[in-house]
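Down below is the structure, laid out as structure tokens.
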Amino acid sequence: MFTVRTRASDSLARSGTLTLAHGTVQTPAFVPLATRGAVKALEPRDVEAVGYEMVLGNTFHLFLAPGPELIAELGGLHQFMRWERPIITDSGGFQVFSMGHGTVADEIKGRRARSGDGAILAITEEGVRFRSYVDGSERFLGPEDSMSVQAALHSDIELAFDECTPFHVTREYTARSTERTHRWLERCLRWHAEHGPRDQAVYGIIQGGVEPDLRIESTGTVAASGCDGIAIGGSLGQDKEQMYEVVSWTTAELERLVSERPRHLLGIGDIDDLIRGVELGIDTFDCAMPTRLGRHGVAVVPAPATRWRVDLMKGEWRRSAEPILDGCPCPACSAGYSRAYLHYLLRAGELTAIRLLTLHNLSFVGRLMADLRAAIDEQRLPERAAALRAGAAPSATSCTG
């Protein structure tokens with residue numbers, strides 16, 4: 001399933017190939033979100049055209065609508081959304097966290113979860129009972145249910161059901177939650193062995209919050225479970241430095257225990273986080289960042305001082321004839337669309353601007369990952385990572401370059 005091609009001589013970074021039922025994925029790679037069966041504002045052929053080899057579908061949302069039965073009846077998620085390459089599906093566990101506590105950013109900043117997002121009614125050993133944000137009905141999702149939904153979607157990679165432990169809970173709660181996640185993993189693997197598609201891989205999820213011993217223990221438990229790949233989830237800390245520390249504990253232990261298995265970092269995708277994550281030995285990442293920024297009029301550019309972002313909604317771009325990024329091969333930049341034009345479209349509420357910015361952002365992130373892959377293969381990752389952190393633009397001409 002996973003072959004390591006090159007190991008960096010000075011870090012845990014490695015390049016490789018994931019071989020899945022619907023094709024291969026060159027790693028390290030970024031995985032765009034197709035939350036409800038679509039990468040927002042794009043068709044599957046758009047995503048493929050900018051070089052992506054895998055997308056992520058959201059089990060929780062597809063469970064609520066249109067429902068796994070309908071998707072299975074229509075040929076599975078690949079056929080339903082017309083994407084012929086690999087798909088990874090999450091387990092619904094993150095939604096357990098977000099319904100009860102809001103997003104990670106909400107929690108750290110002390111904001112409440114937004115109304116209308118549904119609500120947790122109970123978390124028990126069996127699973128999670130909650131109120132649907134779609135119609136207000138009471139629903140239930142447990143390990144076997146999550147695996148059943150993902151089997152119906154027939155993704156290439158499914159994630160085991162877990163509880164995404166909040167940051168501000170006690171160590172005792174984190175320990176209990178992590179142990180329950182381990183028990184749920186056993187149930188997921190048992191259900192999959194008895195009922196799951198033979199060509200579907202299963203990733204276990206490491207939890208443990210920001211506690212070093214709990215993270216190490218969880219890593220050992222998930223590695224020993226025999227799952228095909230391993231994802232790193234849960235609260236990773238209140239700032240980037242703590243996140244990198246938590247990830248480093250985990251990947252170092254994975255390198256010691258199961259160095260041949262693929263590693264996925266859940267929900268992380270800022271440019272500096274991708275660079276550091278690759279150095280720490282992560283193979284795949286997923287995040288809403290590129291598409292979400294595009295929908296808000298923000299383009300990803302090589303500008304570390306502004307978090308690699310430029311807000312084209314701002315009036316300063318009203319008369320700018322320059323493209324988003326000189327030399328960028330994305331459909332927005334290569335066609336010559338100016339920042340002024342995109343600013344105008346955004347102010348006018350034209351959906352074309354969202355599409356163009358989404359294409360640009362995904363192209364930028366994909367080429368960044370291609371740069372990092374090439375640097376690993378050529379044993380020059382430290383120099384290339386330093387240049388990217390200093391504001392160099394990705395030099396790759398495509399995501400697969």
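The values are calculated or read from the model by the stated rules, or taken from the named source; none is laboratory data. Source: prediction; values computed, not measured. Here Cβ is always computed from backbone atoms with ideal geometry, including for glycine, and neighbour counts include all displayed protein chains. Side chains included, ligands, DNA and RNA excluded: accessible areas come from the protein's heavy atoms. Shrake-Rupley method; radii C 1.70, N 1.55, O 1.52, S 1.80 Å.
Working only within region 8-53, note down all residues that are touching a Gly at 6+ places or on another chain (Cβ under 8 Å), of a type in the set (Ser, Thr, Tyr) and surrounded by fewer than 22 Cβ atoms within 10 Å (Cβ to Cβ).
Of everything in region 8-53, those that are touching a Gly at 6+ places or on another chain (Cβ under 8 Å), of a type in the set (Ser, Thr, Tyr) and surrounded by fewer than 22 Cβ atoms within 10 Å (Cβ to Cβ) turn out to be SER11, THR35.
Looking only at region 363-401, filter to residues that are of a type outside the set (Gly, Ala, Ser), open to solvent by 30 Å² or more (accessible area, probe 1.4 Å) and touching a Pro at 6+ places or on another chain (Cβ under 7 Å); which one of those is modelled with the lowest pLDDT?
Top of the filtered list is THR397.
How many residues are basic (Lys, Arg) and touching a residue at least 60 places away in the same chain (Cβ under 8 Å) when one looks only at region 188-211?
0
What is the one condition in (1) basic (Lys, Arg); (2) under 21 Å from THR3 (Cα atoms); (3) surrounded by fewer than 18 Cβ atoms within 10 Å (Cβ to Cβ) that LYS240 does not satisfy?
So LYS240 meets the others, but not (2).
Failed condition for ARG85, given (1) out of contact with any strand residue (DSSP E or B) (no Cβ under 7 Å at 6 or more places or on another chain); (2) open to solvent by 50 Å² or more (accessible area, probe 1.4 Å), with all others met?
ARG85 satisfies every listed condition except (1).
Suppose the filter is of a type outside the set (Phe, Trp, Tyr), touching a Phe, Trp or Tyr at 6+ places or on another chain (Cβ under 8 Å), touching a residue at least 40 places away in the same chain (Cβ under 8 Å) and not in a loop (DSSP other than H, G, I, E, B); does LEU56 pass it?
no
If you take the residues of region 317-362 that are free of Cβ contacts under 8 Å to residues at least 12 places away in the same chain and either outside any loop (DSSP other than H, G, I, E, B) or open to solvent by less than 80 Å² (accessible area, probe 1.4 Å) (or both), which of them is nearest to SER398 (Cα to Cα)?
Looking at the filtered set, the residue picked out is SER334.
Quick one: count up the residues across region 35-51 that are in contact with a Lys or Arg (Cβ under 6 Å, 6 or more places away or on another chain) and in a loop (DSSP other than H, G, I, E, B).
Within region 35-51, residues that are in contact with a Lys or Arg (Cβ under 6 Å, 6 or more places away or on another chain) and in a loop (DSSP other than H, G, I, E, B) number 1.
Would you check which residues across region 183-196 are open to solvent by less than 20 Å² (accessible area, probe 1.4 Å) and over 18 Å from ARG263 (Cβ atoms) and list them?
TRP184, CYS188, GLY196 - these are the residues of region 183-196 that are open to solvent by less than 20 Å² (accessible area, probe 1.4 Å) and over 18 Å from ARG263 (Cβ atoms).
Filter region 42-79 down to residues that are within 14 Å of GLN150 (Cα to Cα) and aromatic (Phe, Trp, Tyr), then give me how many there are.
Counting residues in region 42-79 that are within 14 Å of GLN150 (Cα to Cα) and aromatic (Phe, Trp, Tyr) gives 2.
Taking the options GLU138, GLU126, name whichever one is more than 26 Å from GLU179 (Cβ to Cβ), open to solvent by 50 Å² or more (accessible area, probe 1.4 Å), out of contact with any helix residue (DSSP H, G or I) (no Cβ under 6 Å at 6 or more places or on another chain) and at pLDDT 90 or above.
GLU138
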